[in-house]
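**Student:** Right, I'll just put the structure down here and ask away after.
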Amino acid sequence: MATFSSNSSNLIRFKKESLTISVLLIFVLITSGYPLSSVPGNFCYHLLILPVLILTLKRRNHFFKKNYSTIFYLFFLSVTVFSFLINFNIGNLSTNLKFILVLTFSYVFTNRFSFDQFSVFFIKMMKIISVISLIGYIILNLTNLQLPLSTFKNINDVEYYNGIIYFAIKSFSVWGNDGFKRNIGAFWEPGIFATYLLVAITLELWKTGKSTKLNLALFLITLLTTKSTFAYLMIFPIFISFLTINSVVSKKQYLLYLLILSLIILVYMNLNLILYFLNQLNPTIFGKLVSESVSFNERIDSPLTNILIFKNNFLFGAGLGNTENLFVLLTHGSQTSTSTYFLAAFGVSGVFYTISFVIGILSFDKVNIISRITFLTIVLSQINKEPHIYFTATFIILFYFLKNIKLSNVYGSK
(Lines give C-alpha, C1' and ligand atoms only; values in the text may rest on other atoms or scores of the structure.)
Protein backbone atom coordinates (compact mmCIF):
# COMPACT_ATOMS: atom_id res chain seq x y z
CA MET A 1 0.00 0.00 0.00
CA ALA A 2 2.85 2.33 0.94
CA THR A 3 4.66 1.50 -2.31
CA PHE A 4 1.54 2.29 -4.36
CA SER A 5 1.15 5.60 -2.53
CA SER A 6 4.80 6.45 -3.14
CA ASN A 7 4.56 5.58 -6.85
CA SER A 8 1.38 7.63 -7.18
CA SER A 9 3.05 10.59 -5.48
CA ASN A 10 6.09 10.32 -7.77
CA LEU A 11 3.84 10.17 -10.83
CA ILE A 12 1.96 13.30 -9.75
CA ARG A 13 5.26 15.08 -9.09
CA PHE A 14 6.60 14.02 -12.50
CA LYS A 15 3.45 15.27 -14.28
CA LYS A 16 3.62 18.55 -12.39
CA GLU A 17 7.30 18.99 -13.32
CA SER A 18 6.56 18.13 -16.96
CA LEU A 19 3.70 20.63 -17.14
CA THR A 20 5.79 23.37 -15.50
CA ILE A 21 8.77 23.02 -17.82
CA SER A 22 6.47 22.71 -20.87
CA VAL A 23 4.76 25.99 -19.99
CA LEU A 24 8.07 27.73 -19.31
CA LEU A 25 9.44 26.54 -22.66
CA ILE A 26 6.63 28.50 -24.30
CA PHE A 27 8.12 31.61 -22.69
CA VAL A 28 11.55 30.52 -23.93
CA LEU A 29 10.23 30.08 -27.48
CA ILE A 30 8.52 33.47 -27.72
CA THR A 31 11.70 35.23 -26.52
CA SER A 32 14.24 33.43 -28.72
CA GLY A 33 13.81 34.77 -32.24
CA TYR A 34 10.02 34.35 -32.38
CA PRO A 35 8.60 36.38 -35.32
CA LEU A 36 5.81 38.00 -33.30
CA SER A 37 8.41 39.34 -30.85
CA SER A 38 9.72 41.55 -33.69
CA VAL A 39 6.38 43.29 -34.19
CA PRO A 40 6.18 46.89 -32.88
CA GLY A 41 4.36 47.08 -29.53
CA ASN A 42 4.52 43.34 -28.82
CA PHE A 43 4.41 42.09 -25.20
CA CYS A 44 6.47 38.89 -25.59
CA TYR A 45 9.28 40.03 -23.29
CA HIS A 46 6.92 41.67 -20.80
CA LEU A 47 5.38 38.24 -20.23
CA LEU A 48 8.67 37.06 -18.67
CA ILE A 49 7.85 39.10 -15.57
CA LEU A 50 5.29 36.50 -14.45
CA PRO A 51 7.53 33.38 -14.50
CA VAL A 52 10.45 35.34 -13.03
CA LEU A 53 8.33 36.45 -10.07
CA ILE A 54 6.86 32.97 -9.51
CA LEU A 55 10.19 31.13 -9.77
CA THR A 56 11.97 33.70 -7.62
CA LEU A 57 9.36 33.70 -4.84
CA LYS A 58 9.09 29.89 -4.77
CA ARG A 59 12.86 29.48 -4.50
CA ARG A 60 13.80 32.72 -2.75
CA ASN A 61 15.94 30.86 -0.20
CA HIS A 62 17.89 29.14 -3.00
CA PHE A 63 17.97 31.96 -5.57
CA PHE A 64 21.75 32.29 -5.62
CA LYS A 65 23.69 29.06 -5.94
CA LYS A 66 27.44 28.81 -5.51
CA ASN A 67 28.54 28.15 -9.07
CA TYR A 68 29.93 29.95 -12.11
CA SER A 69 26.49 30.68 -13.53
CA THR A 70 25.77 32.85 -10.49
CA ILE A 71 29.07 34.69 -10.95
CA PHE A 72 28.21 35.31 -14.62
CA TYR A 73 24.67 36.45 -13.75
CA LEU A 74 25.81 38.91 -11.06
CA PHE A 75 28.68 40.15 -13.22
CA PHE A 76 26.53 40.95 -16.26
CA LEU A 77 23.77 42.35 -14.10
CA SER A 78 26.30 44.74 -12.55
CA VAL A 79 27.87 45.59 -15.92
CA THR A 80 24.43 46.39 -17.40
CA VAL A 81 23.51 48.73 -14.53
CA PHE A 82 26.96 50.34 -14.45
CA SER A 83 27.02 50.92 -18.21
CA PHE A 84 23.50 52.37 -18.04
CA LEU A 85 24.50 54.85 -15.31
CA ILE A 86 27.86 55.82 -16.86
CA ASN A 87 26.25 56.55 -20.23
CA PHE A 88 23.23 58.16 -18.56
CA ASN A 89 21.18 55.95 -20.88
CA ILE A 90 17.71 57.09 -19.69
CA GLY A 91 16.22 57.03 -23.19
CA ASN A 92 16.97 53.30 -23.42
CA LEU A 93 15.70 52.29 -19.98
CA SER A 94 13.20 49.78 -21.42
CA THR A 95 15.97 48.08 -23.46
CA ASN A 96 18.13 47.66 -20.36
CA LEU A 97 15.21 46.31 -18.33
CA LYS A 98 14.43 43.89 -21.16
CA PHE A 99 17.98 42.52 -21.06
CA ILE A 100 17.92 42.19 -17.26
CA LEU A 101 14.61 40.32 -17.56
CA VAL A 102 16.09 37.93 -20.15
CA LEU A 103 19.19 37.39 -18.00
CA THR A 104 17.17 36.79 -14.82
CA PHE A 105 14.62 34.45 -16.41
CA SER A 106 17.40 32.37 -17.96
CA TYR A 107 19.26 32.18 -14.65
CA VAL A 108 16.25 31.15 -12.51
CA PHE A 109 15.16 28.65 -15.19
CA THR A 110 18.49 26.82 -14.99
CA ASN A 111 18.30 26.83 -11.18
CA ARG A 112 14.85 25.26 -11.31
CA PHE A 113 15.50 22.45 -13.83
CA SER A 114 18.45 20.15 -14.51
CA PHE A 115 20.28 20.12 -17.81
CA ASP A 116 18.89 16.63 -18.54
CA GLN A 117 15.31 17.84 -17.97
CA PHE A 118 15.88 20.80 -20.28
CA SER A 119 17.43 18.57 -22.96
CA VAL A 120 14.48 16.16 -23.00
CA PHE A 121 11.86 18.88 -23.29
CA PHE A 122 13.87 21.06 -25.68
CA ILE A 123 14.11 18.06 -28.03
CA LYS A 124 10.34 17.52 -27.71
CA MET A 125 9.66 21.17 -28.49
CA MET A 126 11.89 21.08 -31.58
CA LYS A 127 10.19 17.84 -32.73
CA ILE A 128 6.78 19.53 -32.62
CA ILE A 129 8.06 22.61 -34.46
CA SER A 130 9.87 20.42 -37.04
CA VAL A 131 6.83 18.26 -37.86
CA ILE A 132 4.47 21.25 -38.18
CA SER A 133 6.99 23.28 -40.20
CA LEU A 134 7.61 20.41 -42.63
CA ILE A 135 3.85 20.15 -43.27
CA GLY A 136 3.67 23.90 -43.93
CA TYR A 137 6.82 23.81 -46.06
CA ILE A 138 5.47 20.99 -48.23
CA ILE A 139 2.11 22.73 -48.70
CA LEU A 140 3.75 26.02 -49.75
CA ASN A 141 6.43 24.57 -52.02
CA LEU A 142 5.08 21.29 -53.40
CA THR A 143 1.33 21.85 -53.73
CA ASN A 144 -1.08 24.46 -55.07
CA LEU A 145 -2.92 24.65 -51.78
CA GLN A 146 -3.24 27.98 -49.97
CA LEU A 147 -2.54 28.26 -46.25
CA PRO A 148 -5.54 29.91 -44.50
CA LEU A 149 -3.27 32.05 -42.31
CA SER A 150 -3.36 35.72 -41.39
CA THR A 151 -0.32 37.92 -42.09
CA PHE A 152 1.64 40.56 -40.21
CA LYS A 153 4.69 42.78 -40.73
CA ASN A 154 7.61 43.16 -38.34
CA ILE A 155 9.72 46.26 -37.58
CA ASN A 156 11.81 45.61 -40.73
CA ASP A 157 8.67 45.52 -42.88
CA VAL A 158 9.02 41.78 -43.57
CA GLU A 159 5.59 40.18 -44.05
CA TYR A 160 4.95 36.77 -42.47
CA TYR A 161 2.23 34.17 -42.58
CA ASN A 162 1.21 33.64 -38.97
CA GLY A 163 0.66 30.04 -37.88
CA ILE A 164 1.57 30.66 -34.19
CA ILE A 165 3.97 27.66 -34.23
CA TYR A 166 4.73 27.75 -37.96
CA PHE A 167 5.64 30.91 -39.89
CA ALA A 168 6.62 31.61 -43.48
CA ILE A 169 7.99 34.77 -45.06
CA LYS A 170 5.40 36.07 -47.51
CA SER A 171 7.53 38.97 -48.74
CA PHE A 172 10.67 40.97 -48.00
CA SER A 173 10.22 44.74 -48.09
CA VAL A 174 13.61 45.29 -49.75
CA TRP A 175 13.52 42.61 -52.46
CA GLY A 176 9.75 42.09 -52.73
CA ASN A 177 10.11 38.32 -53.16
CA ASP A 178 8.78 35.56 -50.92
CA GLY A 179 10.81 33.34 -48.59
CA PHE A 180 8.83 30.11 -48.94
CA LYS A 181 11.77 28.09 -50.18
CA ARG A 182 13.53 28.31 -46.80
CA ASN A 183 11.88 26.82 -43.72
CA ILE A 184 11.90 29.23 -40.76
CA GLY A 185 9.77 27.12 -38.38
CA ALA A 186 8.76 29.22 -35.36
CA PHE A 187 11.57 31.76 -35.82
CA TRP A 188 12.00 35.00 -37.72
CA GLU A 189 14.61 33.64 -40.13
CA PRO A 190 15.94 30.22 -41.27
CA GLY A 191 19.41 30.63 -39.73
CA ILE A 192 17.93 30.80 -36.21
CA PHE A 193 15.82 27.70 -36.87
CA ALA A 194 18.94 25.92 -38.16
CA THR A 195 20.84 26.92 -35.01
CA TYR A 196 18.32 25.34 -32.65
CA LEU A 197 18.02 22.27 -34.86
CA LEU A 198 21.79 21.79 -34.57
CA VAL A 199 21.47 22.18 -30.79
CA ALA A 200 18.63 19.61 -30.75
CA ILE A 201 20.72 17.15 -32.82
CA THR A 202 23.65 17.57 -30.42
CA LEU A 203 21.48 17.10 -27.33
CA GLU A 204 19.93 14.01 -28.92
CA LEU A 205 23.40 12.55 -29.49
CA TRP A 206 24.40 13.41 -25.91
CA LYS A 207 21.44 11.62 -24.32
CA THR A 208 22.47 9.09 -21.67
CA GLY A 209 20.36 6.42 -23.38
CA LYS A 210 20.56 5.53 -27.05
CA SER A 211 19.80 8.32 -29.51
CA THR A 212 16.50 7.98 -31.32
CA LYS A 213 17.20 7.52 -35.04
CA LEU A 214 13.73 8.84 -35.87
CA ASN A 215 14.42 12.11 -34.01
CA LEU A 216 17.79 12.53 -35.72
CA ALA A 217 16.27 11.83 -39.14
CA LEU A 218 13.48 14.35 -38.48
CA PHE A 219 15.92 17.07 -37.41
CA LEU A 220 18.26 16.42 -40.35
CA ILE A 221 15.44 16.53 -42.91
CA THR A 222 14.11 19.74 -41.37
CA LEU A 223 17.64 21.18 -41.32
CA LEU A 224 17.91 20.62 -45.08
CA THR A 225 14.74 22.68 -45.65
CA THR A 226 16.28 25.71 -43.87
CA LYS A 227 18.93 25.84 -46.62
CA SER A 228 21.45 27.25 -44.15
CA THR A 229 24.94 27.00 -45.66
CA PHE A 230 26.73 26.77 -42.33
CA ALA A 231 24.25 24.17 -41.02
CA TYR A 232 24.98 22.01 -44.07
CA LEU A 233 28.73 22.32 -43.47
CA MET A 234 28.34 21.36 -39.79
CA ILE A 235 26.61 18.05 -40.56
CA PHE A 236 29.97 16.39 -41.30
CA PRO A 237 31.76 17.33 -38.02
CA ILE A 238 28.59 16.39 -36.11
CA PHE A 239 28.74 12.98 -37.83
CA ILE A 240 32.40 12.61 -36.79
CA SER A 241 31.58 13.50 -33.18
CA PHE A 242 28.75 10.94 -33.31
CA LEU A 243 31.18 8.20 -34.42
CA THR A 244 33.62 9.02 -31.61
CA ILE A 245 31.17 10.00 -28.87
CA ASN A 246 31.75 6.89 -26.72
CA SER A 247 35.44 6.43 -27.40
CA VAL A 248 38.72 7.89 -26.21
CA VAL A 249 40.08 10.24 -28.86
CA SER A 250 43.62 9.58 -30.03
CA LYS A 251 45.99 12.42 -30.96
CA LYS A 252 45.81 11.49 -34.66
CA GLN A 253 41.99 11.51 -34.63
CA TYR A 254 41.98 14.81 -32.76
CA LEU A 255 44.39 16.50 -35.21
CA LEU A 256 42.50 15.12 -38.23
CA TYR A 257 39.24 16.40 -36.79
CA LEU A 258 40.71 19.87 -36.15
CA LEU A 259 42.02 19.94 -39.74
CA ILE A 260 38.58 19.06 -41.17
CA LEU A 261 36.85 21.61 -38.93
CA SER A 262 39.37 24.30 -39.90
CA LEU A 263 38.76 23.59 -43.59
CA ILE A 264 34.99 23.88 -43.11
CA ILE A 265 35.34 27.21 -41.31
CA LEU A 266 37.80 28.40 -43.98
CA VAL A 267 35.33 27.50 -46.74
CA TYR A 268 32.50 29.28 -44.91
CA MET A 269 34.55 32.44 -44.26
CA ASN A 270 35.60 32.59 -47.94
CA LEU A 271 32.29 31.49 -49.37
CA ASN A 272 31.78 34.63 -51.48
CA LEU A 273 35.22 34.27 -53.08
CA ILE A 274 34.58 30.58 -53.84
CA LEU A 275 31.15 31.35 -55.32
CA TYR A 276 32.65 34.13 -57.45
CA PHE A 277 35.27 31.70 -58.80
CA LEU A 278 32.60 29.06 -59.54
CA ASN A 279 30.48 31.69 -61.27
CA GLN A 280 33.39 32.54 -63.54
CA LEU A 281 33.69 28.85 -64.47
CA ASN A 282 29.98 28.35 -65.13
CA PRO A 283 27.59 31.35 -64.75
CA THR A 284 24.56 29.25 -65.71
CA ILE A 285 24.91 26.85 -62.79
CA PHE A 286 26.44 29.08 -60.10
CA GLY A 287 25.12 32.54 -60.98
CA LYS A 288 22.06 32.22 -58.74
CA LEU A 289 24.19 31.20 -55.74
CA VAL A 290 26.24 34.40 -56.10
CA SER A 291 23.14 36.60 -56.27
CA GLU A 292 21.76 35.01 -53.09
CA SER A 293 24.92 35.54 -51.00
CA VAL A 294 24.37 39.24 -50.20
CA SER A 295 23.68 38.53 -46.52
CA PHE A 296 27.22 37.15 -46.17
CA ASN A 297 28.63 40.64 -46.87
CA GLU A 298 26.36 42.11 -44.18
CA ARG A 299 27.75 39.63 -41.64
CA ILE A 300 31.24 41.01 -42.27
CA ASP A 301 30.09 44.62 -41.92
CA SER A 302 28.31 44.06 -38.58
CA PRO A 303 31.31 42.99 -36.42
CA LEU A 304 33.51 45.70 -37.98
CA THR A 305 30.93 48.35 -37.07
CA ASN A 306 30.61 46.98 -33.54
CA ILE A 307 34.39 47.01 -33.10
CA LEU A 308 34.49 50.65 -34.23
CA ILE A 309 31.91 51.52 -31.53
CA PHE A 310 33.95 49.47 -29.04
CA LYS A 311 37.16 51.37 -29.89
CA ASN A 312 35.42 54.66 -29.12
CA ASN A 313 33.89 53.28 -25.89
CA PHE A 314 36.62 50.91 -24.76
CA LEU A 315 36.15 50.94 -20.99
CA PHE A 316 32.39 51.07 -20.35
CA GLY A 317 30.82 50.56 -23.79
CA ALA A 318 28.10 52.65 -25.39
CA GLY A 319 25.35 50.90 -23.41
CA LEU A 320 22.39 48.75 -24.43
CA GLY A 321 20.07 50.58 -26.80
CA ASN A 322 22.56 53.37 -27.49
CA THR A 323 24.75 50.83 -29.30
CA GLU A 324 21.85 50.12 -31.66
CA ASN A 325 21.47 53.85 -32.32
CA LEU A 326 25.16 54.28 -33.14
CA PHE A 327 25.12 51.14 -35.29
CA VAL A 328 22.31 52.57 -37.46
CA LEU A 329 24.25 55.83 -37.93
CA LEU A 330 27.40 54.00 -39.01
CA THR A 331 25.99 51.36 -41.36
CA HIS A 332 22.88 50.38 -43.31
CA GLY A 333 23.51 46.69 -42.64
CA SER A 334 21.84 44.47 -40.05
CA GLN A 335 23.16 43.60 -36.59
CA THR A 336 24.41 40.02 -36.76
CA SER A 337 27.39 39.62 -34.40
CA THR A 338 26.42 38.99 -30.76
CA SER A 339 29.99 38.70 -29.44
CA THR A 340 31.11 42.05 -30.86
CA TYR A 341 27.78 43.66 -29.93
CA PHE A 342 28.49 43.01 -26.24
CA LEU A 343 31.94 44.54 -26.69
CA ALA A 344 30.32 47.66 -28.16
CA ALA A 345 27.62 47.79 -25.48
CA PHE A 346 29.68 46.94 -22.36
CA GLY A 347 33.24 47.75 -23.38
CA VAL A 348 36.04 45.40 -22.42
CA SER A 349 33.75 43.57 -19.94
CA GLY A 350 31.67 42.35 -22.90
CA VAL A 351 34.40 39.88 -23.88
CA PHE A 352 33.39 37.64 -20.96
CA TYR A 353 30.18 36.70 -22.79
CA THR A 354 32.18 34.82 -25.43
CA ILE A 355 34.87 33.62 -23.01
CA SER A 356 32.15 32.10 -20.81
CA PHE A 357 30.86 30.02 -23.72
CA VAL A 358 34.37 28.80 -24.53
CA ILE A 359 35.29 27.80 -20.97
CA GLY A 360 31.82 26.45 -20.14
CA ILE A 361 31.48 24.18 -23.18
CA LEU A 362 35.10 22.97 -23.16
CA SER A 363 34.71 22.10 -19.47
CA PHE A 364 31.70 19.85 -20.10
CA ASP A 365 33.39 16.53 -19.29
CA LYS A 366 30.35 14.31 -19.91
CA VAL A 367 31.35 14.06 -23.58
CA ASN A 368 34.74 13.88 -25.31
CA ILE A 369 36.76 16.81 -26.62
CA ILE A 370 35.62 16.35 -30.25
CA SER A 371 31.96 16.65 -29.25
CA ARG A 372 32.74 19.73 -27.17
CA ILE A 373 34.67 21.48 -29.94
CA THR A 374 31.92 20.68 -32.45
CA PHE A 375 29.26 22.18 -30.21
CA LEU A 376 31.42 25.21 -29.40
CA THR A 377 31.92 25.81 -33.13
CA ILE A 378 28.15 25.65 -33.68
CA VAL A 379 27.44 28.09 -30.85
CA LEU A 380 30.15 30.67 -31.62
CA SER A 381 29.42 30.62 -35.34
CA GLN A 382 25.68 30.97 -34.92
CA ILE A 383 25.69 33.73 -32.27
CA ASN A 384 27.93 35.68 -34.64
CA LYS A 385 25.76 34.98 -37.65
CA GLU A 386 22.49 36.10 -36.04
CA PRO A 387 21.86 38.51 -33.12
CA HIS A 388 21.20 36.42 -29.99
CA ILE A 389 21.40 39.41 -27.63
CA TYR A 390 17.92 38.98 -26.18
CA PHE A 391 17.47 35.22 -26.74
CA THR A 392 16.56 33.40 -23.52
CA ALA A 393 17.29 29.97 -25.08
CA THR A 394 20.90 30.95 -25.81
CA PHE A 395 21.45 32.33 -22.31
CA ILE A 396 19.86 29.22 -20.78
CA ILE A 397 22.32 27.03 -22.70
CA LEU A 398 25.20 29.23 -21.49
CA PHE A 399 24.04 29.09 -17.84
CA TYR A 400 23.80 25.28 -17.93
CA PHE A 401 27.38 24.92 -19.11
CA LEU A 402 28.60 27.43 -16.53
CA LYS A 403 26.84 25.46 -13.78
CA ASN A 404 28.87 22.37 -14.67
CA ILE A 405 32.17 24.15 -15.15
CA LYS A 406 35.37 22.54 -13.90
CA LEU A 407 38.39 24.49 -15.01
CA SER A 408 40.69 21.48 -14.58
CA ASN A 409 38.76 19.67 -17.32
CA VAL A 410 38.92 22.37 -19.98
CA TYR A 411 41.52 20.47 -22.03
CA GLY A 412 40.70 16.97 -20.86
CA SER A 413 38.81 14.36 -22.82
CA LYS A 414 36.57 11.51 -21.90
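The values are calculated or read from the model by the stated rules, or taken from the named source; none is laboratory data. Here the structure is a predicted model, which means the values were calculated and not measured. Heavy atoms of the whole protein, side chains included, go into the accessibility calculation; ligands, DNA and RNA do not. Shrake-Rupley method; radii C 1.70, N 1.55, O 1.52, S 1.80 Å.
**Student:** Quick check for you: with a 1.4 Å probe and neighbouring chains kept, what is the accessible area per residue of the range 112-237, in Å²? Before the final figure, lay out the partial values.
**Tutor:** Values: 5810 Å² over 126 residues.
Value returned for the range 112-237: 46 Å² of accessible area per residue.
**Student:** So, taking all protein chains as they sit and a 1.4 Å probe, how much accessible area belongs to residue 337, in Å² rounded to tens?
**Tutor:** Counting only protein heavy atoms, residue 337 exposes about 0 Å² to solvent.
**Student:** Cα convex hull of the range 26-88: mean projected area in nm², to one decimal?
**Tutor:** The directionally averaged projection comes out at 6.1 nm².
**Student:** Still on this model: Quantify, in whole percent, the carbon and sulfur part of the accessible surface of the range 101-212 (1.4 Å probe; protein heavy atoms only).
**Tutor:** Roughly 60 percent, rounded to a whole number.
**Student:** At 1.002 mPa s and 20 °C, plugging the Kirkwood radius over alpha-carbon pairs of the range 36-188 into Stokes-Einstein gives what diffusion coefficient in µm²/s?
**Tutor:** It comes out at roughly 116 µm²/s.
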